[in-house]
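Read the structure below first, then the notes.
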Amino acid sequence: MSTDDTTETTDASTTESKCGASEAEASTESESKCGASKTDTTTETESACGADSGSESDSTCGGSDSEEDEVGATVDDFDAEPGRLVAVGLGPGKPKGMTARAKAALADAEHIVGYTTYVELLPDDIVEAADDIHSTPMCGEVSRTEEAIDRALAGNDVAIIGSGDPNVYALAGLALEILESKGGTASAVDFEVVPGVPAAQSCGARLGAPLVNDTVSVSLSDHLTPMEEIESRLHAVAPEGFTIAIYNPWSRKRRENFQTCCEILLEHRDPETPVGIVHGASRDDEKTLITDLGTLPELGEEDIVDMTTTIIVGNEETYVWDDRMVTPRGYETKYDY
């Protein structure tokens, strides 16, 4: 079973489509891999379902090239009755961290589309049962989301997967935006979101009880959001009494983002504020550390802090007890115990 449709070659005169249709490579008007008609007979610059699969070496982060955000086929290009599209959250990633509903949705899916790292987290029985699995490297969000949509429009039951929850820094919203841009509707593909455990919750569980009171999440990834805007958000929430969950805190290309975040937090919060760090929650390389805000800046170059890490910064009430972070909810002000 192929796990990367973008590597498919065109040497044979006729190839079997990943969506059940055949394509005559030399024809001036051939059937697309998902049943949409297309007249482009140049070199393969479209994916099996209309999404870009050009040279990925041009990308700064391993995804598709600069034309990735151009939508290809529209609903008018598909003759089949639409299938189903489900955005499934894997939670932390390991099978034991997946909900029963997520496992059931994946078992029902004919095609599964996702980021390569997340595909590799799928249980073996799910992989073996799927008709086809399509994966793309990091930053291929638009191409793989369009791939999933086109496969659904061609009549297949498709799951697009992500870690955590599909509505938290993930692809559920993008799927609806692209579907709308193609002239489709969510009802036509019976679109559904199957929630998963978000990283903040799974990491918070490893740290004790740091998220019991008001919590906000901030991602330090400037792939889509300019760092100036991220800084503005941090300045807005740091003075407030929120626990802060920081996603995507550090990468080799984003060292300055992490340091800037630490500087902003230290402008507004005591250096002794408890901070919990969880790397790869529930995965084989999981690491957990409880420290303080004053120590956080020097951990940027440590292995525990990277793009699979979530950092929980406590509020002014958070404390550490028995190697666990505790953020009071306020019961102590109303009850005697």
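The values are calculated or read from the model by the stated rules, or taken from the named source; none is laboratory data. Remember, predicted model here, so these are calculated numbers, not experimental data. Note: ideal-geometry Cβ built from the backbone for every residue, glycine included; neighbour counts use all protein chains shown. Only protein heavy atoms, including side chains, enter the accessible area calculation; ligands, DNA and RNA are left aside. Shrake-Rupley method; radii C 1.70, N 1.55, O 1.52, S 1.80 Å.
Listed values, structure above:
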read-out: Distant-in-sequence amide H partners of residue 307 (H built 1.01 Å from N, under 5 Å); value: 250
read-out: q = 0.10 Å⁻¹, segment 200-326: log10 I(q)/I(0) [Debye, one scatterer per Cα]; value: -0.26
read-out: Antiparallel %, DSSP beta bridges [both residues in segment 200-326], to 5; value: 70
read-out: Interchain or long-range residues, amide H under 5 Å from residue 136's placed H; value: 114, 115, 116
read-out: Peptides ranked, highest mean first, by Cβ atoms within 10 Å: ranges 118-129, 145-156; value: 145-156, 118-129
read-out: Percent carbon-and-sulfur accessible area, segment 66-174, ignoring ligands, DNA and RNA, probe 1.4 Å; value: 45
read-out: Shape call, segment 240-282: gyration tensor on alpha carbons, a/c limit 1.5; value: oblate
read-out: Karplus (6.51, -1.76, 1.60) ³J(HN,Hα), θ = phi - 60°, over segment 152-164, in Hz, Gly and Pro reported as x; value: 5, 5, 7, x, 9, 8, 10, 10, 9, 10, x, 6, x
read-out: Stretch gain in nm, segment residue 129-residue 117, where the contour uses 0.36 nm per residue and the Cα spacing is subtracted; value: 2.4 nm
read-out: Separation of the residue 259 and residue 177 label points, Cα + 7 Å toward Cβ, nm; value: 3.1
read-out: Residues whose placed amide H lies under 5 Å from that of residue 154, excluding near-sequence neighbours; value: 83
read-out: Proximal charge balance of residue 279 [Cβ under 9 Å; K/R count +1, D/E count -1]; value: -2
read-out: Segment 127-253 - percent relative contact order, Cα under 8 Å, separation 6 or more; value: 18
read-out: Full-extension gain in nm, residue 80 to residue 323, via 0.36 nm per residue minus C-alpha separation; value: 81.7 nm
read-out: Among 245-251, 230-236, the order from most to least packed when residues are scored by Cβ within 10 Å on average; value: 245-251, 230-236
read-out: Accessible-area composition of segment 242-329, carbon plus sulfur, in percent [1.4 Å probe]; value: 43
read-out: Cut-off 14 Å, label 7 Å out along Cα→Cβ of residue 96, residues of segment 109-145 by amide N; value: none
read-out: For segment 84-197, size of Cβ-based charge dipole, Lys and Arg +1, Asp and Glu -1, in debye; value: 340
read-out: Karplus (6.51, -1.76, 1.60) ³J(HN,Hα), θ = phi - 60°, over segment 254-261, in Hz, Gly and Pro reported as x; value: 10, 4, 5, 4, 5, 5, 4, 4
read-out: For segment 200-326: relative contact order, % (alpha-carbon pairs under 8 angstrom, 6 or more apart); value: 32
read-out: Residue-by-residue Karplus 3J(HN,Hα) for segment 325-332, coefficients 6.51, -1.76, 1.60, Hz, glycine and proline x; value: 7, 10, 10, x, 8, x, 4, 5
read-out: Centre separation in Å (Cα based) which lies between segment 300-331 and segment 173-243; value: 18
